[in-house]
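S.K.: Below: one structure in structure tokens.
Derivation of every value follows stated rules applied to the coordinates shown; laboratory data play no part. Note that this is a predicted model, so its numbers are computed, not measured. Every residue, glycine among them, receives a Cβ derived from its backbone with ideal geometry; neighbour counts consider all protein chains shown.
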Ligand SMILES: Nc1ncnc2c1ncn2[C@@H]1O[C@H](COP(=O)(O)OP(=O)(O)O)[C@@H](O)[C@H]1O
Ligand code: SF4
Ligand SMILES: [Mg+2]
């Protein structure tokens, strides 16, 4: 995808390679490596949604973790707003994290059970000083709760007092607290009931329009990807086998693996499908 | 199948009629005798459903040995045939392997081999593909369909995915908050949902026709089963709800003017159908 | 092949562990303020005698040299002489360890044989009368101090009923009481472990599968549940065997049994409590302490 406007994309990943060391059990010495991602390149522009699909173990989460700096790449480069961040120290990475947030699959495991919703959201402001003055934390947190469709009166409740869909909203509110430019959603709606999943997808859509967010959206669910994303990368065993605009890719898949993947998706009303 | 954990759960009422016998009122021991020979079951997570400390050959041969008193040699030979039949590659070599040495799809195949060993008349499949990738899901569903065509067994397919059910099943029962809210042939129910919940589910699924548009989710979240709303338990989320819905629990009934065999538990099915 | 590699790796690891233990023992012994030379020579020794003794024992050399010598000798199985008896330490241990080990093995076997059915009964009738009886009594038994139980059993079976001998190792019968006393807390632990292990396994998916196959409940438990439930039991038995050896020493004291306990009880000197050896707790602890160091550190308070 050539950058016609001339300014750099929000996120550019070039020739990314990530290998997890295989350690021997005696001395924890590395005795080999498990190549989770090899030679992956893609761009995410401001306000755009890029989908990452693939079967389990294909390396989707690894890419997400590498972009956000939780895993070190073995090779390749990650640029954020034109600056190469792959060699950043964790202190410098902290500055980047302001603009780049993550929402996880499991809304149960990713929220500290001992913090109230207000504290969970305000945590980001405690870490990144000077964005919101501390006397505004409660008011701002309530505003964010309202923004993601939660009752702000529940600000002093704990995560376990909410349903799965509500918790995912808390996760999203927390990610929004710093007004990021990019949110990485790793299977963010996969654990939710279809009816609730639709609510969260609508919310993500609204937030994108309102704040001009870009999403790197990871899912194994092709129908969700098709609904939400502008462009899609299909990942198989750590390699991007195909990337294209969503419509083009779904209507005219080129790669054999993509074709197999698309053909395997169950159709709700097979009798309407001209193909079968 | 009398598998309810004993102290925690028991049948509080109702009947389970299998070939004229009421299994709900028979002692556990008698019901278990029907297991595998008449009724068999496969489960969601094939890894935890297989005993990790026995080889798969032992586990598949077990029904023959313990239920039919077959000798070890003969039982293992039968197990080998079954494993080949469900598509375990290299079955002669792998029969001595342990469950963890197989992939998720292969484990589910092993479970299926075990379930069909004694030629049951009814197979209950509880979310058989939920833990699997889409391509593997397709293979497993095809295998189940083939086996059914071959043996003529009946199948109860339990799933949260309307698409998975659509391909294989003829009739469906939609459940909400512990009750069946709608039943009928798949086509009738999917094309003309008579219950607002079924309708909401179908509308929530992202599909090709609404790409880029907003999804129409069901508002609210699933109820707490310990504190179900009075009357119709769906009323807090139902766009069709009226006063009667808050007080009177609707029985399953055939909507006036629609095909027999299609029933819904809703006071206002006729209006719901008219809207579609 | 795979198993062999695993064993080799474990053995390699064991070498490091032993080295670590030896080093810690060396450091602890040097850090204790008591001077071994002073202990042996007595309070009345002249400074010249002490200096000579220190020279004999190599205590006047630089610490690092002492350490290297100590390691070098330990590698070839020479653990020096006992500071108390001037006999090679290995000789003392070799003399008595077999008896201690015999007692421990016996207790271990007894514990397994008794605890398994108890745990099984408790698990099969969860919260039933049998379960509550087993669970409660296992807690009580574990809380009783071993030496007290020993004395009580002695009073009952040897003094009053005169069924069993009260002291020494004369015949097989004299092993019975010590083995029981040693096994009791272990029985309590294993019973509860068997019970909880089985209960956990019974909730697993594969047990549901076994039932769905229409297997008789007996077959569901044997072999399906049992084989899985024994995994933690084997692990704990392995870990606890060391503790059992340590516990054996206390029991031997009560029954005047010629086990490792004899190593330290013969010389009657007041200074045993400051003996430069790492102390170990007298109650069974879940850690697998080095058997030798825990065996050799009999809490003298019980004996005196
Ligand atoms: N922390 C880790 N250590 C070692 N290997 C890992 C780790 N996380 C993932 N992997 C391996 O990397 C590959 C890709 O995994 P992942 O990125 O989680 O895939 P996905 O998210 O697409 O399911 C897999 O082979 C997986 O086993
Ligand atoms: S009975 Fe009423 S509340 Fe219940 S589903 Fe029908 S219209 Fe909705
Ligand atoms: Mg993942």
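S.K.: Taking 8 Å as the Cα distance limit and 6 or more residues as the minimum spacing, I'd like the relative contact order of chain A as a percentage.
M.R.: Numbers: 483 pairs, mean separation 65.6, N = 276.
That works out to 24 percent.
S.K.: Where does helix B:104-116 land angle-wise versus the long Cα axis of chain B, in degrees 0 to 90, nearest 10?
M.R.: Once rounded, one gets 80 degrees.
S.K.: Among DSSP beta bridges lying fully in the stretch A:185-260, give the percent that are antiparallel, nearest 5.
M.R.: For the stretch A:185-260, the DSSP antiparallel bridge percentage is about 75.
S.K.: Which of A:271, A:137 comes first, and how do the rest follow, when ranked by fewest Cβ neighbours within 10 Å? Can you show the working numbers first?
M.R.: Working: A:271 11, A:137 18.
Fewest to most other Cβ atoms nearby, the residues stand as A:271, A:137.
S.K.: Could you bin all the Cα-Cα distances of the stretch C:90-265 into 5 Å bins starting at 0 and give me the percent of pairs in each, rounded to whole numbers?
M.R.: Calculated P(r), rounded to whole percents: 1, 8, 15, 17, 16, 13, 10, 8, 5, 3, 2, 1, 0.
S.K.: Please give the per residue volume of the convex hull enclosing the alpha carbon atoms of the stretch A:141-192, rounded to a whole number of Å³.
M.R.: Values: hull volume 4.0 nm³, N = 52.
Dividing the Cα hull volume of the stretch A:141-192 by its residue count gives 77 Å³.
S.K.: Let me ask you something else. If you count, for every residue in B:41-54, the Cβ atoms of partner chains within 10 Å of its Cβ, what is the mean?
M.R.: Per residue, the number of nearby Cβ atoms from other chains is 5 on average.
S.K.: Using only the Cα atoms, work out Rg/Rh for the stretch B:154-253, with Rh taken as the Kirkwood radius, to two decimals. The partial results should precede the final answer.
M.R.: Details: Rg = 14.4 Å, Rh = 14.8 Å.
When Rh is taken as the Kirkwood radius, the ratio is 0.97.
S.K.: Turning to a different aspect of this structure: How large is the Kirkwood hydrodynamic radius of the protein assembly as shown, in angstrom, based on all distinct alpha carbon pairs? Could the numbers behind the result be given before it?
M.R.: Values: mean 1/r = 0.0300 Å⁻¹.
The Cα-based Kirkwood calculation yields 33.3 Å.
S.K.: 7 Å from Cα along Cα→Cβ at both residue A:138 and residue A:70: what's the point-to-point distance in nm?
M.R.: According to this spin-label approximation, the distance is 3.3 nm.
S.K.: Going 7 Å from the Cα of residue B:249 in the Cα-to-Cβ direction, what parts of the stretch B:221-239 have a backbone nitrogen less than 18 Å from that spot?
M.R.: Under 18 Å, as judged by backbone N against the label point of residue B:249, lie B:223-237 of the stretch B:221-239.
S.K.: Let me ask something else. Across peptide A:188-197, how many C-beta atoms of other chains are within 10 Å of each residue C-beta, on average?
M.R.: Values: counts 0, 1, 0, 0, 1, 7, 13, 15, 6, 5.
That average works out to 5.
S.K.: Kindly provide the pair-distance distribution of the stretch B:32-169 built from C-alpha pairs, with 5 Å bins from 0 and whole-percent values in order of increasing distance.
M.R.: 2, 11, 21, 24, 22, 13, 5, 1, 0
S.K.: Let me ask something else about it. Can you tell me what share of the DSSP beta bridges in chain A is antiparallel? A percent to the nearest 5 is fine. Could the numbers behind the result be given before it?
M.R.: Details: 23 of 41 bridges.
Of those bridges, close to 55 percent are antiparallel.
S.K.: Within 10 Å, count the other beta carbons around each residue, average over each peptide in B:66-72, A:188-194, B:218-224, and list them highest first. Before the final figure, lay out the partial values.
M.R.: Working: B:66-72: 13.4, A:188-194: 21.1, B:218-224: 16.1.
Descending mean neighbour count gives A:188-194, B:218-224, B:66-72.
S.K.: Roughly how far apart, in whole Å, are the Cα centres of the stretch A:190-258 and the stretch A:60-134?
M.R.: So the two Cα centres are separated by 21 Å.
S.K.: Is the shape of the stretch A:54-187 best called rounded, prolate or oblate, per the rule: a/c under 1.5 gives rounded, else a/b larger than b/c gives prolate, else oblate, with a ≥ b ≥ c the square roots of the Cα gyration tensor eigenvalues? Mind dumping the intermediate values first?
M.R.: Working: a/c = 2.52, a/b = 1.46, b/c = 1.73.
The shape class here is oblate.
S.K.: What does DSSP give for the protein assembly as shown in terms of the percent of beta bridges that are antiparallel, rounded to the nearest 5? Intermediate results must be reported in sequence, preceding the final value.
M.R.: Details: 35 of 63 bridges.
Of those bridges, close to 55 percent are antiparallel.
S.K.: While we're on this one: Only residues of the stretch A:131-169 count here: report those whose backbone N is under 17 Å from the spot 7 Å along Cα→Cβ of residue B:214, or say none.
M.R.: Only A:146-150 fall inside the zone, counting backbone N under 17 Å.
S.K.: Could you list A:72, A:237, A:142 so that the one with the fewest beta carbons within 10 Å of its beta carbon is first and the one with the most is last? Walk me through the intermediate numbers first.
M.R.: Working: A:72 11, A:237 15, A:142 19.
Result, fewest neighbours first: A:72, A:237, A:142.
S.K.: Here's another thing I want to ask about it. For the stretch C:107-207, what are the per-bin percents of Cα-Cα distances with bins 10 Å wide, up to the bin holding the maximum?
M.R.: Bins of 10 Å from zero give 16, 38, 28, 13, 4, 1 percent of pairs.
S.K.: Under a crude label model (7 Å from the Cα following the beta-carbon direction), how far is residue C:173 from residue C:113 in nanometres?
M.R.: With each label placed 7 Å out from Cα toward Cβ, I get 1.8 nm.
S.K.: If you don't mind, there's one more thing I want to ask. Determine the calculated [θ] at 222 nm for the protein assembly as shown from helices alone, applying -39500 (n - 2.57) to every DSSP H run no shorter than 4 residues and normalising by the residue count; nearest 500 deg cm²/dmol.
M.R.: After summing the helix terms and dividing by the residues of the protein assembly as shown, the value is -14000 deg cm²/dmol.
S.K.: Mind pulling the per residue volume of the convex hull built on the Cα atoms of the stretch C:2-86? Å³ is fine.
M.R.: Details: hull volume 8.9 nm³, N = 85.
So the per-residue hull volume is 105 Å³.
S.K.: Just check chain B against the gyration tensor rule for me: Cα atoms, a ≥ b ≥ c as the square roots of the eigenvalues, rounded for a/c under 1.5, and otherwise prolate or oblate depending on whether a/b exceeds b/c. Write out the running numbers ahead of the final one.
M.R.: Details: a/c = 2.36, a/b = 1.76, b/c = 1.34.
It comes out prolate by the Cα gyration axes.
S.K.: So if I average 1/r over every pair of distinct C-alpha atoms in chain A and take the inverse, what Kirkwood radius in Å does that give? Provide the component values of the computation, followed by the final result.
M.R.: Values: mean 1/r = 0.0502 Å⁻¹.
It is 19.9 Å.
S.K.: Which of A:114, B:179 has the fewest other C-beta atoms within 10 Å, and how do the rest follow up to the most? The partial results should precede the final answer.
M.R.: On the way: A:114 9, B:179 16.
Arranged by neighbour count, lowest to highest, A:114, B:179 become A:114, B:179.
S.K.: Given labels modelled 7 Å from the Cα in the Cβ direction, how far is it in nm from residue A:7 to residue A:263?
M.R.: It is 4.5 nm.
S.K.: Given R₀ = 22 Å, what would the calculated FRET efficiency be for residue A:160 paired with residue B:224, taking r from the Cβ atoms and rounding to 0.05?
M.R.: Numbers: r = 13 Å, r/R0 = 0.60.
It comes to 0.95.
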